1. Determine which member of the set Val281, Val226, Val207 is of a type in the set (A, V, I, L, M), out of contact with any Lys or Arg (no Cβ under 7 Å at 6 or more places or on another chain) and part of a loop (DSSP other than H, G, I, E, B).
2. Every residue in segment 114-161 that is in a loop (DSSP other than H, G, I, E, B), modelled with pLDDT under 70 and of a type in the set (D, E, K, R), please.
3. Give the residue, chosen from Pro244, Pro264, that is surrounded by 18 or more Cβ atoms within 10 Å (Cβ to Cβ) and at pLDDT 90 or above.
4. Going by the conditions given, is Ser164 of a type outside the set (Val, Ile, Thr) and at pLDDT below 75?
5. Do we find a residue being touching a Leu at 6+ places or on another chain (Cβ under 7 Å) and farther than 16 Å from Arg233 by Cα anywhere in segment 273-285?
6. Condition first: over 18 Å from Ala276 (Cα atoms) and assigned to a helix (DSSP H, G or I). Can you find one or more residues in segment 240-256 that meet it?
Amino acid sequence: MSEPRAFGLHSLWGRFRVSPWRRVIELALIGLSLSLMLRSLGANLSLVDFAGMQVDFDSLLMALLITWITVYIGTLAWAEIIRALQPEVSYRQAVMLHLLSAPAKYLPGLGWQQVSKGIQLRREGVPVGQTAVALLVEPGLTILTGLATAAQILVLKPPELLRSVLPPEILSGLGAALWAVCLALPFLLIRFLSRGMAERADWKEPVLHLWKAELLYVIAWVTFGVALWYISRALFPLPLAALPYCIVALILSFIFGLVIIVLPTGLGVRELAMSALLQWVLPAPMAILSALMSRIILIGAEFLGVLPILIFQIWSRRT
């Protein structure tokens with residue numbers, strides 16, 4: 001597959017990295033996000049009766065297990081993207097570099113996980129152009145499938161507030177449009193990247209890989225939302241009917257966190273958005289606790305996900 005054209009992103013990133021305002025902007029945004037989160041915490045957690053609160057630890061354990069599975073589902077989706085764009089990289093290599101890049105996302109700064117993936121892809125011999133496309137396609141498909149999944153859920157079970165603001169026909173049309181884009185985008189992307197290649201070049205297999213990636217992302221969004229429901233259920237008697245709204249709250253808050261890429265993993269922004277959206281089904285203090293617990297569970301699941309890879313690498317070096 002030929003290398004895509006450069007769009008000036010590399011030079012723009014280079015100018016930002018050397019800018020003296022870079023660290024100032026990053027620290028200011030992190031400080032603002034954390035201060036907003038702490039202010040919200042202070043205003044609501046004082047209302048929680050911690051002495052009388054009963055935590056369902058079985059539900060928390062189930063949430064950790066489901067989140068751990070979700071981490072691996074997302075990893076397989078990334079592997080499908082790599083196989084679509086650079087089939088010379090094996091599934092095993094793609095899975096390992098995705099998991100090993102996870103700790104980098106918690107570094108303050110702009111998209112360090114993507115930077116880590118880019119470095120590892122270059123070490124595997126992936127051309128610069130293909131690396132750049134992979135690093136853009138992953139968050140793009142993640143956001144697109146998330147929006148489509150959330151829209152579909154809201155079409156099937158819209159909350160009362162949404163019904164009064166957005167007519168069902170418009171929401172249904174939006175959902176259908178997002179699914180249509182999900183189906184068409186892989187085909188258009190591969191055809192665009194294949195321009196100038198021989199006509200006999202196979203474009204069907206890369207498209208299938210990207211469709212598989214989208215399907216895996218949809219499954220991951222749903223399972224991740226189920227994990228959030230278990231977390232909320234551990235803190236508050238939440239009925240099964242609240243599950244769709246937990247999935248939507250999870251999706252939209254994570255998309256907010258992905259968009260604010262300067263903050264490490266959307267720190268603070270994700271929790272604020274999640275706690276606000278969870279108030280569809282939870283009291284405000286419980287919504288904030290669920291959002292914070294979701295972050296802790298995710299960190300634990302990602303650590304458990306990368307741990308086998310780290311142990312394998314250490315063992316391989318010693319032998």
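The values are calculated or read from the model by the stated rules, or taken from the named source; none is laboratory data. This one's a predicted model, so the numbers in the text were calculated from it and none came from an experiment. Here the Cβ positions follow ideal geometry from the backbone for every residue, glycine too, while neighbour counts run over all protein chains shown.
1. Of Val281, Val226, Val207, the one residue that is of a type in the set (A, V, I, L, M), out of contact with any Lys or Arg (no Cβ under 7 Å at 6 or more places or on another chain) and part of a loop (DSSP other than H, G, I, E, B) is Val281.
2. Within segment 114-161, just Glu124 meets the criteria.
3. Exactly one residue qualifies, and that residue is Pro244.
4. Yes, satisfied.
5. Within segment 273-285, one or more residues are touching a Leu at 6+ places or on another chain (Cβ under 7 Å) and farther than 16 Å from Arg233 by Cα.
6. Looking through segment 240-256, at least one residue is over 18 Å from Ala276 (Cα atoms) and assigned to a helix (DSSP H, G or I).
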